[in-house]
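Report on the structure given below.
The values are calculated or read from the model by the stated rules, or taken from the named source; none is laboratory data. What you are looking at is a predicted structure, and each value in this text was computed from that prediction instead of being measured. With ideal geometry, Cβ positions are generated from the backbone for all residues, glycine too; neighbour counts draw on all protein chains shown. Ligands, DNA and RNA are stripped out before the accessible areas are found, and what is left, the full protein with its side chains, is counted by its heavy atoms. Shrake-Rupley method; radii C 1.70, N 1.55, O 1.52, S 1.80 Å.
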Amino acid sequence: MDDVRFSVDLVADVVQMWSQPFMVNAFRAGTIVAVLSALTGWLVVLRRQTFVAHTLSAVGFPGAAGATLLGAGALTGYFGFCLAAAVVIALLGGRGAGRHGHESALVGTVQGFLLACGFLFVALYKGFLNGTSALLFGSFLGITGGQVTVLAVLAVLVLALLAVAGRPLLFASTDAETARVAGVPVRALDLGFLLVLGATVAAVASITGALLVFALLVLPAATAHRITARPARGLALSVLFGLVAVWSALTATYYSPYPLGFWLTSIAFAGFVTAAGGRAGLDRRHRGGRLVTVFPRDGLPGSRRTAP
Amino acid sequence: MSALATMFSHAYLREAFLAGTFVALAAGLVGYLLVLRAQVFTADALSHVSFTGAFAALALGLDLRVGLFATTVLVGLGMAAAGRRAKPDDVVIGGAFAWVLGLGVLLLTLYTTRRSAGNGAASVTVLFGSVFGIGHGRAVAAAAIGLGVCLLLAIVARPLIFASLDETVAAVRGVPVRLLGFGFLALTAVAAAEATQVVGSLLILGLVAAPAGAAARLVGNPYRALPLSGALAVLSVWAGLTIAYLVPVLPPSFAILAVATGLLVAALLTGRLRRRSRRRSLAPGTDRVPAVRGG
């Protein structure tokens, strides 16, 4: 650390850091955002919808740029575009969105076109060019108390929705066919989950910027999935990793000249690599004892399923 | 209409058309194979990664293209190495490229603090492209590399399509599936680095996915859909460049992607109409139509 203010006495460091009101707000917002994205992200990884998640998070940028162009608040834009894109993807792709060739082409087009719209908005609003990187990469320094309140309300809403729909959603995510036969409204749950994902992404993007939401959404959750497949433990671990990543990244950013996005992604990615490496090592040791056959999850790529 | 007649008297437009045509052709061909192999997300990751490479080159004071090609090809091969049969897992792709994006932010900060002037414009150029300012030398180079990617794809098209449609049977028949997977991702990486110069790293995905999605909807036979996808991509670039020339408010990248998206929407609508008319023409009693879709 080239910064003299960071000392060995961690308590004094935290006290010093939290004497700044903007850091307190950043920690509050960061905590909410970490919990929200870790829980939703765990389901994203379970449902293998990382591409859709990335598309929704990228879409926040044109939303914010468009809202700035029209003079509305950036938050309105984030929510409007993310939720609209979630509906479009759900209607076009259904459950397969982002996983099979055709649907992923649609998702990719939605992302490309909306990002192009964002560029158009930026070009139309000429003085705005320097704000572009703030929209893409976020700025945690200017978070107000009002924003924290909005985030908290939203987080409670999303968590309540997930708690209510949790069991059927988990069932539909692990085995859609069986769930449909058992009478679970799979299509409605798909749309509902995409809307929740859109809202989460919009809220998180308003803090971290459109390009880095994805890291917070996927990395802690993927790390948890490498460690355990059990839902309750996995969700708890995901939240824990998210919180550790956000808190340590905020601290590191405060005491170093490098940006939050770099610290956040690096810390979270280091966790993921460690977990993935550990898992690979364990698997290798176990494989010595018994025969393990690995079947691909969705059948072979390109193989056709016979119509029922 | 006189504006259209004199359009090609402008050198910058001739260069934009030259570079745009071959970059689009490469993107369209690669895109269709990506759709066939269900690897669109990989292209998404590579396109975002290209931006980190560009900033690395800028921060180190190198030519932009060195950074672009080096990063995308390295990451492409790395992702291929991480997956079974050179097909990486979505979560691994997502995790890796989230981190590379984070590195991009770091490099952007380093570059901005080191060179205080003109940085905002540079980042916007990398992210969203500026084909009208590409210049003669870079246009010729881009066209040559694009053409090279197309030729290589044409050579490996047959085994690659076989391997994409049925990996196991292809492997049994002696097709080098893993090697093809590596080669294809390397070509995708080169195409992505190319396209960054025309539409910018954030918008490549549209040029890769939209014409390919449209072609896959319209034609089931891969050997016909592949050239159709390339043609639709070229059409998008030509129409987009013309529109951007006639309406100066619109940035060329936006116009190109708007045309490409329009083509995909049109293909979706015709597909739906065709299916409806087919359903009507069937005899009553056979109410279930087997879904006929390519791939």
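For residues that are more than 11 Å from the chain's Cα centre (by Cα), free of Cβ contacts under 8 Å to residues at least 60 places away in the same chain and crowded, with 24+ Cβ neighbours inside 10 Å, tally how many sit in the stretch B:181-209.
Summing the residues that are more than 11 Å from the chain's Cα centre (by Cα), free of Cβ contacts under 8 Å to residues at least 60 places away in the same chain and crowded, with 24+ Cβ neighbours inside 10 Å in the stretch B:181-209 gives 0.
Would you say residue B:224 is more than 12 Å from chain A (Cβ to nearest Cβ), among the basic types (Lys, Arg) and assigned to a helix (DSSP H, G or I)?
Against the criterion (more than 12 Å from chain A (Cβ to nearest Cβ), among the basic types (Lys, Arg) and assigned to a helix (DSSP H, G or I)), residue B:224 qualifies.
Considering only residues that are assigned to a loop (DSSP other than H, G, I, E, B) and hydrophobic (A, V, I, L, M, F, W, C), which ones fall in the stretch A:44-83?
Scanning the stretch A:44-83 gives a single hit, A:72.
Can residue B:258 be described as at pLDDT 85 or above and either among the small types (Gly, Ala, Ser) or loosely packed, with under 11 Cβ neighbours inside 10 Å (or both)?
Spelling it out, residue B:258 is indeed at pLDDT 85 or above and either among the small types (Gly, Ala, Ser) or loosely packed, with under 11 Cβ neighbours inside 10 Å (or both).
Has the stretch A:183-194 got any residue that is closer than 19 Å to residue B:90 by Cβ, in a helix (DSSP H, G or I) and modelled with pLDDT of 90 or more?
Within the stretch A:183-194, one or more residues are closer than 19 Å to residue B:90 by Cβ, in a helix (DSSP H, G or I) and modelled with pLDDT of 90 or more.
Filter the stretch A:181-196 for residues that are of a type outside the set (Val, Ile, Thr) and surrounded by 15 or more Cβ atoms within 10 Å (Cβ to Cβ) and give the result.
A:189, A:190, A:191, A:192, A:193, A:194, A:195, listed by residue number.
The rows are residues; the columns are (1) closer than 12 Å to residue A:37 by Cα; (2) more than 14 Å from chain B (Cβ to nearest Cβ); (3) open to solvent by 10 Å² or more (accessible area, probe 1.4 Å); (4) of a type outside the set (A, V, I, L, M).
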site: A:198; (1), (2), (3), (4): yes, yes, no, yes
site: A:206; (1), (2), (3), (4): no, yes, yes, yes
site: A:212; (1), (2), (3), (4): yes, no, no, no
site: A:225; (1), (2), (3), (4): no, no, yes, yes
site: A:228; (1), (2), (3), (4): no, yes, yes, yes
site: A:231; (1), (2), (3), (4): no, yes, yes, yes
site: A:234; (1), (2), (3), (4): no, no, no, yes
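Kindly check whether there is at least one residue in the stretch B:234-255 that is over 18 Å from residue B:18 (Cα atoms) and open to solvent by less than 10 Å² (accessible area, probe 1.4 Å).
Checked the stretch B:234-255: no residue is over 18 Å from residue B:18 (Cα atoms) and open to solvent by less than 10 Å² (accessible area, probe 1.4 Å).
Within the stretch A:129-143, does at least one residue satisfy the condition of being open to solvent by 10 Å² or more (accessible area, probe 1.4 Å) and at pLDDT 85 or above?
no
Quickly run through the stretch A:236-252 and pick out the residues that are open to solvent by less than 20 Å² (accessible area, probe 1.4 Å) and of a type in the set (Ser, Thr, Tyr).
Hit for the stretch A:236-252 is A:238, nothing else.
For the stretch A:144-153, which residues satisfy the criterion of being open to solvent by 30 Å² or more (accessible area, probe 1.4 Å), modelled with pLDDT under 90 and not hydroxyl-bearing (Ser, Thr, Tyr)?
A:145, A:146, A:147, A:150
Kindly indicate whether any position in the stretch B:43-56 is surrounded by fewer than 24 Cβ atoms within 10 Å (Cβ to Cβ) and in a helix (DSSP H, G or I).
Yes; the residues of the stretch B:43-56 include at least one that is surrounded by fewer than 24 Cβ atoms within 10 Å (Cβ to Cβ) and in a helix (DSSP H, G or I).
Given the criterion open to solvent by 10 Å² or more (accessible area, probe 1.4 Å) and under 22 Å from the mean Cα position of the chain (by Cα), identify the matching residue among A:74, A:29, A:65, A:53.
Being open to solvent by 10 Å² or more (accessible area, probe 1.4 Å) and under 22 Å from the mean Cα position of the chain (by Cα) holds for just one of A:74, A:29, A:65, A:53, which is A:74.
Report yes if residue B:52 is within 13 Å of another protein chain (Cβ to nearest Cβ) and either touching a Cys at 6+ places or on another chain (Cβ under 9 Å) or within 18 Å of residue B:201 (Cβ to Cβ) (or both), otherwise no.
Yes; evaluated as a whole, the condition is true for this residue.
Inspect the stretch A:48-63 for any residue being away from chain B (no Cβ under 14 Å), touching a residue at least 40 places away in the same chain (Cβ under 8 Å) and in contact with a helix residue (DSSP H, G or I) (Cβ under 8 Å, 6 or more places away or on another chain) and give the result as yes or no.
Taking every residue of the stretch A:48-63 in turn, at least one turns out to be away from chain B (no Cβ under 14 Å), touching a residue at least 40 places away in the same chain (Cβ under 8 Å) and in contact with a helix residue (DSSP H, G or I) (Cβ under 8 Å, 6 or more places away or on another chain).
For the stretch A:66-95, enumerate the residues that are farther than 23 Å from residue B:264 by Cβ and in contact with a helix residue (DSSP H, G or I) (Cβ under 9 Å, 6 or more places away or on another chain).
Passing the criteria: A:67, A:68, A:69, A:70, A:72, A:73, A:74, A:75, A:76, A:77, A:78, A:79.
Filter the stretch B:59-99 down to residues that are crowded, with 24+ Cβ neighbours inside 10 Å, in contact with a Gly (Cβ under 9 Å, 6 or more places away or on another chain) and among the aliphatic types (A, V, I, L, M), then give me how many there are.
Qualifying residue count, the stretch B:59-99: 3.
Do we find a residue being under 18 Å from residue A:221 (Cα atoms), buried (at least 21 other Cβ atoms within 10 Å of the Cβ) and at pLDDT 90 or above anywhere in the stretch A:272-285?
Looking through the stretch A:272-285, at least one residue is under 18 Å from residue A:221 (Cα atoms), buried (at least 21 other Cβ atoms within 10 Å of the Cβ) and at pLDDT 90 or above.
From the list B:163, B:186, B:191, B:154, pick out the single residue that is of a type in the set (A, V, I, L, M, F, W, C), within 12 Å of chain A (Cβ to nearest Cβ) and outside any loop (DSSP other than H, G, I, E, B).
B:163
Let me confirm something: among A:99, A:47, which residue is farther than 26 Å from residue A:143 by Cα, modelled with pLDDT under 85 and either open to solvent by less than 10 Å² (accessible area, probe 1.4 Å) or among the charged types (D, E, K, R) (or both)?
A:99
In the stretch B:263-276, is there at least one residue being of a type in the set (Lys, Arg) and buried (at least 23 other Cβ atoms within 10 Å of the Cβ)?
No, because not a single residue in the stretch B:263-276 is of a type in the set (Lys, Arg) and buried (at least 23 other Cβ atoms within 10 Å of the Cβ).
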